[in-house]
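Taking it in order: structure first as structure tokens, then the write-up.
The values are calculated or read from the model by the stated rules, or taken from the named source; none is laboratory data. The model shown is predicted, which means the values in this text are computed figures rather than measured ones. Neighbour counts run over all protein chains shown; Cβ positions are idealised from the backbone, glycine included.
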Amino acid sequence: MTSKPFKVIRGGLDAPLSNRKRTFLSAFVTDTRLMGVVGLYIHWQIGAGNSITSFHQFFYFDAEEYGLETYQSILGDDVIELALIEHALIGGLGGKKIDIDESEAIYLLQKFAQINERFQRPLPENKDEYAFLLESEVKLTREERNEVMEKICTTIESNYHAINYFLMRCFGKDYTAASYLCEGSFPLNVHADIPAATFCMNTIDPYEADGESSYLCESLVEYDNEYALVISEVTVAELKITSLEKRSSFTISATEAAMMLARPEFITIYDIFIGPEEFNKHLSELTINTLLTVHENGRLFLAFNKNNNHVNKRVFRLSEDVHGLYYVTDYGQLLLSAYSITAIHSLEKEVRKSSLDRYLSPTAKYEFKEPILYEFVQSDFEDFNDFIDFIKDE
């Protein structure tokens, strides 16, 4: 999973945390380890007497390369700031929040920080606020470590689910998580000739072989701006991977990869009839759980699905974790974009239910054979309809 443009909210402490009395109150972790990323939250009570306050720590972990990638903190209990930072760091992960205890939280932090050391990655800023966690001694038994792994991994619901997560972790060279999905001992590095790669797409075809549930998998992976198509054979028993063999692999062009990844895009356009300041007040109803990127001619809000059910399919696409997009132009248009009829109808319904609906007028609906909104966002056009007319002429 790629890094996201997090919004930074600084809390901070006037005095070093190590000099203050602290009491652990609670912690949770996301069950997204099989996606290669995990979010951790710890809530402390610090100080003594009349100076007691809350201290909130948020950590974002990457299991493939970056380890402890992002850290943010908030002093006090401002619920708006807490909601903003939680969403910025873990809102797009699509997982559940699982309660853990203090020793489990410290264990996880230290475990992921070891990745920073292995790849010589610097730790995030404000290390003085969480250094005491890195220095704390925590010893978990093998059974307790396994319990932690179960907490940070979502429940496997089908063979497709297991295979997609397994291959995703193998191509990411994340063999710790890959082995969690296995039963028995067999080589996991059968794709060692391919560098650590992003698992873009996977198509699974089942067939019966020697009484086992066997599957041929066609995986499209990306690494170093190159694409490869890899054929693997996987067997599964009781939702556990029991063998992995590589059949073949070959590189393909970016154009061929784009054709494989191509999917339709549905766009609905509204004209806006109120000023920017009032519009933004109403817009927050729709975009409270989205990630914002600012562009030259507007703002793009990316809404993720609330779960990772897209992994539990015969045909997996990494991009299907996106629910839809809202693009607000600086020239009075709101564009909704989604990759399925169901999703665009859902976005339109959300608009109709919002207080913003009375200030909008739908003007057009489009269906494209492949995504086009990003081309408009990066263009110099102010009006989407003019952009479409230009494309038609071309």
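If I filter the range 82-102 down to residues being within 20 Å of Thr155 (Cβ to Cβ) and crowded, with 19+ Cβ neighbours inside 10 Å, which single residue comes out as nearest to the chain's Cα centre (by Cα)? Walk me through it before giving the result.
From the range 82-102, those within 20 Å of Thr155 (Cβ to Cβ) are 90, 93-100; that's our starting set.
Within this subset, residues satisfying the condition of being crowded, with 19+ Cβ neighbours inside 10 Å are 90, 93-95, 100.
Details: Ile90: 8, Leu93: 4, Gly94: 7, Gly95: 9, Ile100: 21 Å.
Checking each candidate, the answer is Leu93.
Provide a single number: the residues in the range 121-131 that are surrounded by 14 or more Cβ atoms within 10 Å (Cβ to Cβ) and over 11 Å from Leu109 (Cα atoms). Talk me through it step by step, then tell me what you get.
Residues of the range 121-131 surrounded by 14 or more Cβ atoms within 10 Å (Cβ to Cβ): 121, 123-124, 126, 129-131.
Filter once more, keeping what is over 11 Å from Leu109 (Cα atoms): 121, 123-124, 126, 129.
Qualifying residue count for the region: 5.
Please specify each residue of the range 190-249 satisfying the condition of being basic (Lys, Arg) and surrounded by fewer than 14 Cβ atoms within 10 Å (Cβ to Cβ). Break it down stepwise before answering.
First, the residues of the range 190-249 that are basic (Lys, Arg): 240, 246-247.
Arg247, the sole residue that qualifies.
Working only within the range 334-353, note down all residues that are in contact with a helix residue (DSSP H, G or I) (Cβ under 7 Å, 6 or more places away or on another chain) and surrounded by 20 or more Cβ atoms within 10 Å (Cβ to Cβ). Give the steps one after another, and end with the answer.
Quick first cut of the range 334-353, residues in contact with a helix residue (DSSP H, G or I) (Cβ under 7 Å, 6 or more places away or on another chain) only: 335-338, 350-351.
Result: Leu335, Leu336, Ser337, Ala338.
In the range 205-212, is there at least one residue being within 23 Å of Asn309 (Cβ to Cβ), outside the structural domain of His310 (by TED's automatic domain parsing) and assigned to a strand (DSSP E or B)?
Just the residues of the range 205-212 that are within 23 Å of Asn309 (Cβ to Cβ), to begin with: 205-206.
From what is left, the residues that are outside the structural domain of His310 (by TED's automatic domain parsing) are 205-206.
With the extra rule that they be assigned to a strand (DSSP E or B), the set shrinks to 205-206.
The answer is yes, given that some residue of the range 205-212 is within 23 Å of Asn309 (Cβ to Cβ), outside the structural domain of His310 (by TED's automatic domain parsing) and assigned to a strand (DSSP E or B).
When only residues in the range 309-322 that are out of contact with any Leu (no Cβ under 7 Å at 6 or more places or on another chain) and free of Cβ contacts under 8 Å to residues at least 24 places away in the same chain count, which is surrounded by the fewest Cβ atoms within 10 Å (Cβ to Cβ)?
Asn309
The rows are residues; the columns are (1) hydrophobic (A, V, I, L, M, F, W, C); (2) at pLDDT 90 or above.
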{"position": "Ile288", "(1), (2)": "yes, no"}
{"position": "Thr293", "(1), (2)": "no, yes"}
{"position": "Arg299", "(1), (2)": "no, yes"}
{"position": "Ala303", "(1), (2)": "yes, yes"}
{"position": "Val311", "(1), (2)": "yes, yes"}
{"position": "Arg317", "(1), (2)": "no, yes"}
{"position": "Gly324", "(1), (2)": "no, yes"}
{"position": "Val328", "(1), (2)": "yes, yes"}
{"position": "Leu334", "(1), (2)": "yes, yes"}
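Among the residues of the range 16-63, write down those that are outside any strand (DSSP E or B), surrounded by fewer than 23 Cβ atoms within 10 Å (Cβ to Cβ) and at negative phi. Steps first, please.
First, the residues of the range 16-63 that are outside any strand (DSSP E or B): 16-21, 31, 33-36, 47-52, 63.
This time we only want the ones that are surrounded by fewer than 23 Cβ atoms within 10 Å (Cβ to Cβ), so: 16-21, 31, 36, 47-52.
Scanning the range 16-63 gives Pro16, Leu17, Ser18, Asn19, Arg20, Lys21, Asp31, Ala48, Asn50, Ser51, Ile52.
Could you tell me whether any residue of the range 69-78 is under 26 Å from Arg142 (Cβ atoms), modelled with pLDDT of 95 or more and either assigned by TED's automatic domain parsing to the domain that holds Ala196 or not basic (Lys, Arg) (or both)? It would help to see each step written out before you state the result.
Residues of the range 69-78 that are under 26 Å from Arg142 (Cβ atoms), as a first pass: none.
Scanning the range 69-78 turns up no residue that is under 26 Å from Arg142 (Cβ atoms), modelled with pLDDT of 95 or more and either assigned by TED's automatic domain parsing to the domain that holds Ala196 or not basic (Lys, Arg) (or both).
Before we move on, is Asn146 in a helix (DSSP H, G or I), in contact with a Cys (Cβ under 9 Å, 6 or more places away or on another chain) and either crowded, with 21+ Cβ neighbours inside 10 Å or free of Cβ contacts under 8 Å to residues at least 60 places away in the same chain (or both)? Explain how you work it out, then say what you get.
Details: in a helix (DSSP H, G or I): yes; in contact with a Cys (Cβ under 9 Å, 6 or more places away or on another chain): no; either crowded, with 21+ Cβ neighbours inside 10 Å or free of Cβ contacts under 8 Å to residues at least 60 places away in the same chain (or both): yes.
For Asn146, the condition - in a helix (DSSP H, G or I), in contact with a Cys (Cβ under 9 Å, 6 or more places away or on another chain) and either crowded, with 21+ Cβ neighbours inside 10 Å or free of Cβ contacts under 8 Å to residues at least 60 places away in the same chain (or both) - is not met.
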